[in-house]
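Below: one structure, written as structure tokens.
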Amino acid sequence: MSEGLFTQLLDLACGAFLLAAVVVLWRRELAAIVRLFALQGVALAAIALLLGLHEDRWDLLAVAVGIGALRAGLLPYLIRRALKAFVAERNGSHEGHEEARETQPLVNVAASLLTAAALTLLSYAVARPLVELDPTPATRALPVGLAVVLIGFFVLVTRRRALAQMVGFLLLDNGITATAFLAASGVPLIVELGVSFDVLLAVLVLQLLTVRVREAFGTTDIDDLRELHD
């Protein structure tokens, strides 16, 4: 693969990776948010695949396949199944439709998008010294990974539904993974496998907790649960 083609494809994959995180802030339907997370998983797998092809590293190719299967397939499937189970349990009631949407995030859509732009600019400013040290195509895309980390954390702290917060946690993890790939041209296969299994375990635990909370209180809205505590 030529250097020019590699740079163009890597920029395209990183752009899709960042765009998916930003659009999550725009959408309120949890099903659409899960689809965007799956698309981001595809973009993350593409980043690893491009790095592996460019550097002729079979371990990165294996990591790309694993990331695609886990973050674009299995994890979205688990979250989607939990969402469908609750909506089916409510049998089309008003509560079920409300649970399927992020009705009242702590920050509105316009302010969230402006915040995402500010966080992206901050990421470019913070990563500028690192890019200047080694201005390779992968390093120049490093701010994208940092921006997704910050956006994922923003989603985690501003969304009220437990499933939306879970997606925020996974966006943050995707950003950390992308930053590791771009900064170090990938990570060893055994490291990525260990991290991926940790993430899968965390999602399974969070899904179980969400189901238990929903069965006990009939909602996963954090504000409603806080009112019950008060």
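Laboratory data are not the source of any read-out in this text; all were calculated from the coordinates shown. What you see is a predicted model; the values in this text were computed from it and never measured. Cβ sites come from the backbone with ideal geometry, for glycine too, and all protein chains shown count toward neighbours.
Descending by average beta-carbon neighbour count within 10 Å, the peptides 124-133, 66-75 line up as 66-75, 124-133, the highest first. Given 5 Å bins starting at zero, what is the percent of C-alpha pairs of the stretch 1-81 in each, up to the one with the largest pair distance? Percent of Cα pairs in each bin: 3, 17, 22, 22, 17, 10, 6, 3, 0.
Taken along the Cα-to-beta-carbon direction at a fixed 7 Å, the label points for Ala69 and Ala111 span 4.4 nm. Full extension of the chain between Ala118 and Asp59 gives 17.7 nm of extra length, using 0.36 nm per residue less the Cα-Cα distance.
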